[in-house]
Amino acid sequence: RAKERGRNTYQFYTEGMQDREVRRLELDKDLSEALAGDQFELHYQPQLDLITSRACSVEALIRWNHPQRGMVPPVEFIPLAEESGRIAEIGRWVIQAACRQLRAWQNTNLSHLRIAINLSGRELDQPDLPDYIGQCLLDSGVAPHQLEIELTEESFIANIEHNHEQLRRISELGVHLAIDDFGVGYSSLGYLRNFPVDLLKIDRSFITNVAQQQDDAVITRAIINLAHNLGIRVVAEGVETKEQLRFLYNHQCDLAQGYLVGRPMPARKLAEKLTQGLLPESLKHNS
Ligand code: C2E
Ligand code: MG
Ligand code: MG
Ligand code: MG
């Protein structure tokens, strides 16, 4: 049926279809063309340092500028790219693009920024991924600690011995590791022990009502304390209101990311925005 509707329908990738296999092949072909045709782009979302009120890092989020469908968000294609294995190539493109961006920011007023990229567990399957990251860093001449890798809890726990070995190798390059969407996965806290995690990102679902809901506030404070006692820094995801920001500031959260601070945006727009100053005076904690 999707075939009759033509390829121009957005639902093609999302709606339940009889023929999953056809849909998957179609998408995979499109993804391969996307890689060849330069249709991917990284957008950057600032992370605000709550002590300095400045952006210290940005998260790179992939965007697919599809010639017929327009901007396709990652939830529409990352899961399928993981299934097909195409994610390996996409991930390499992301790593290289991020390293090139860091290089482009050298000798500008954005040279202090780190970039965090998302890796899915499937990407760690590639035995040479740590070498690939090391090579991209060398080629671009940027300091390894300017690159961060975000992984969900699931990826830490799945295929645990292989993944931990891979992450240890990545961490030994000097690249920082962050746990994404923390608190909503199968939280076995064991992996925080003896493992080089640098950052925890509190899942947006805890932040949404953190200023109103006692349970969310308790959990958020507990995550911040746990992380700090382990020497790990904390990022709050999905910060949309001034009340949330104030709560996070009052409870010593290190970094805030969300629409309040800035939406994901192309590099050029980010440069403009950071040059103007990220936060209006009224949002600074000392106002
Ligand atoms: P994530 O890594 O947890 O990224 C955060 C998502 O929340 C992003 O969605 C971001 O645009 C959105 N977001 C940020 N601030 C707010 C806010 O204040 N409110 C709300 N409602 N949302 C906010 P996006 O860009 O659609 O990405 C979705 C997911 O796709 C990411 O979740 C990540 O898991 C995955 N992804 C994105 N880029 C890549 C990539 O390059 N590689 C891989 N493997 N996965 C990626
Ligand atoms: Mg992320
Ligand atoms: Mg997240
Ligand atoms: Mg997520």
Note on segment 194-242: residues among the aromatic types (Phe, Trp, Tyr) and away from ligand 4 (no atom under 16 Å from the Cβ) are 195
Here the residues within segment 180-215 that are within 15 Å of ligand 1 (Cβ to nearest atom) and outside any strand (DSSP E or B) are 183, 184, 185, 203, 204, 205, 206, 207, 208, 209, 210, 211
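Here's the yes/no breakdown for (1) more than 16 Å from ligand 3 (Cβ to nearest atom); (2) within 16 Å of the chain's Cα centre (by Cα); (3) within 20 Å of residue 164 (Cα to Cα):
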| site | (1), (2), (3) |
| --- | --- |
| 91 | yes, yes, yes |
| 105 | yes, no, no |
| 108 | yes, no, no |
| 122 | yes, yes, yes |
| 126 | yes, no, yes |
| 153 | no, yes, yes |
Which one of these does residue 245 not meet: (1) within 12 Å of ligand 1 (Cβ to nearest atom); (2) under 20 Å from residue 118 (Cα atoms)?
(2)
Please work out which residue is farthest from residue 219 (Cα to Cα), limiting yourself to segment 151-184 and to residues that are of a type in the set (Val, Ile, Thr) and within 12 Å of ligand 4 (Cβ to nearest atom).
152
Has segment 143-150 got any residue that is over 20 Å from residue 61 (Cα atoms) and more than 16 Å from ligand 4 (Cβ to nearest atom)?
yes
Quick one: in segment 64-89, which of the residues that are exposed (fewer than 13 other Cβ atoms within 10 Å of the Cβ) and of a type in the set (A, V, I, L, M, F, W, C) is nearest to the chain's Cα centre (by Cα)?
75
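Bear in mind that the values in this text are calculations on the coordinates, not laboratory data. Since the structure is predicted, the reported quantities are computational estimates derived from the model, not experimental observations. Positions of Cβ are generated from backbone atoms using ideal geometry, with glycine treated the same way; all protein chains shown enter the neighbour counts.
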